[in-house]
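Here's the structure we're looking at; comments come further down.
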Amino acid sequence: MPLTGEYEPSPFDWASQQVEKYESSGGTEGTEHEGKPVIVLTTKGNKSGKIRKSPLMRVEHDGTYAVVASLGGAPKHPVWYHNVVANPLVELQDGPVRKDYTAREVTGDEKAVWWERAVEVWPAYAEYQTKTDRQIPVFVLEPA
Ligand SMILES: C[C@H](OP(=O)(O)OC[C@@H](O)[C@@H](O)[C@@H](O)Cn1c2nc(=O)[nH]c(=O)c-2cc2ccc(O)cc21)C(=O)N[C@@H](CCC(=O)N[C@@H](CCC(=O)O)C(=O)O)C(=O)O
C-alpha cells in the first residue's frame, strides 16, 4: 500500500532535483551519483506526516536493499532516519520499479555484512564513518 500524504520536496536542492528527474523520467534518468546507482527512498514525516523523498546510494543483495543514514559523516543523523524509525513502512524506487518495503535497523554481525556491501558500492561510506563518532545507521529493507 503506497504511502499517502502531501509530498514536501527536500530543502537540499540537489536532492529534490534528483528526485524530480528520477520520477519524471520513470526511473530512467537521474539514477546515478558520480556514476554509481541511486535509489529513491520515500518516507512518512514522523512529525509532519508529509511524504519525504531521499535519493540514496543503491545497496542491494538478492532483492533486499539497505539504506545508509550517512549524511556524509555529519555529526547528526539525516532526519529521514527518524522518519524510518517512526514509520518503518517505506517505498523504494530502483530505476523504473517502485515497491513497498519494511525497514529495520541492523546491528552487530548483520550490520557488518551490510556495511561491507555498502562500502563495496560506495567506498566513501568508510571515510564518512572515520569523520564522526556517530555510528552511521544501516536499515535493511525487506519487501512488505
Ligand atoms: C535536509 C533534510 O534532509 P534529510 O532527511 O536530513 O536527508 C539529508 C540527506 O541524507 C538526503 O538529502 C540524501 O538524499 C542525501 N544523499 C544521501 N544521504 C545519505 O544519508 N546516504 C546516502 O547514501 C545518500 C546518497 C545520495 C545520493 C544522491 C543524492 O542526490 C543525495 C544523497 C530535510 O529534508 N529536512 C526537511 C525536513 C525533512 C523531514 O523528514 N522532516 C520530518 C521531521 C524529521 C525530524 O525532525 O524528526 C517530518 O516531515 O515530519 C526540512 O528541513 O524541512
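The values are calculated or read from the model by the stated rules, or taken from the named source; none is laboratory data. Source: prediction; values computed, not measured. Counting neighbours? That spans all protein chains shown, and the Cβs are built from the backbone with ideal geometry, glycine included.
Sub-8 Å Cβ pairs linking a first residue in segment 45-70 that is closer than 10 Å to Asn83 by Cβ and assigned to a loop (DSSP other than H, G, I, E, B) to a second residue that is of a type outside the set (Asp, Glu) and near the ligand (Cβ under 6 Å from one of its atoms), at least 6 apart or interchain, are Gly45/Arg52; Gly45/Asn83; Asn46/His82; Asn46/Asn83, ordered by first then second residue.
Every condition in (1) within 9 Å of the ligand (Cβ to nearest atom); (2) closer than 24 Å to Glu6 by Cα; (3) crowded, with 16+ Cβ neighbours inside 10 Å is met by Ser70 except one, and the failing one is (2).
Residues checked against (1) farther than 22 Å from Lys21 by Cα; (2) within 10 Å of the ligand (Cβ to nearest atom); (3) in a strand (DSSP E or B); (4) modelled with pLDDT of 95 or more:
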position	(1), (2), (3), (4)
His82	yes, yes, no, yes
Val90	no, no, yes, yes
Gln93	no, no, yes, yes
Lys99	no, no, yes, yes
Arg104	yes, no, yes, yes
Ala112	yes, no, no, yes
Trp115	yes, no, no, yes
Gln135	yes, no, no, yes
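For segment 1-19, the criterion of being among the small types (Gly, Ala, Ser), near the ligand (Cβ under 9 Å from one of its atoms) and within 20 Å of Trp122 (Cβ to Cβ) is satisfied by at least one residue.
Could you list, in sequence order, the residues of segment 89-108 that are over 13 Å from the mean Cα position of the chain (by Cα) and closer than 15 Å to Ala69 by Cα? Residues satisfying the conditions are Val106, Thr107. The residues of segment 13-28 that are assigned to a helix (DSSP H, G or I) and touching a Gly at 6+ places or on another chain (Cβ under 6 Å), listed by number, are Gln18, Lys21, Tyr22. Out of Ala103, Ala86, Ala126, one residue alone is within 28 Å of Glu8 (Cα to Cα) and touching a helix residue (DSSP H, G or I) at 6+ places or on another chain (Cβ under 6 Å). It is Ala103.
Filtered by the rule that a residue be within 16 Å of Gly95 (Cβ to Cβ) and β-branched (Val, Ile, Thr), segment 35-66 gives Val38, Ile39, Val40, Thr42, Val59.
Selection of segment 92-126 for residues being touching a Leu at 6+ places or on another chain (Cβ under 6 Å) and not hydroxyl-bearing (Ser, Thr, Tyr) yields Leu92, Ala103. Tallying residues that are without any contact (Cβ under 8 Å) to a residue 60 or more places away in the chain, out of contact with any strand residue (DSSP E or B) (no Cβ under 6 Å at 6 or more places or on another chain) and more than 8 Å from the ligand (Cβ to nearest atom) within segment 33-43 yields 2. Is there a residue in segment 31-49 that is loosely packed, with under 14 Cβ neighbours inside 10 Å, farther than 21 Å from Ala118 by Cα, charged (D, E, K, R) and out of contact with any Cys (no Cβ under 6 Å at 6 or more places or on another chain)? Scanning segment 31-49, I find at least one residue that is loosely packed, with under 14 Cβ neighbours inside 10 Å, farther than 21 Å from Ala118 by Cα, charged (D, E, K, R) and out of contact with any Cys (no Cβ under 6 Å at 6 or more places or on another chain), so the answer is yes.
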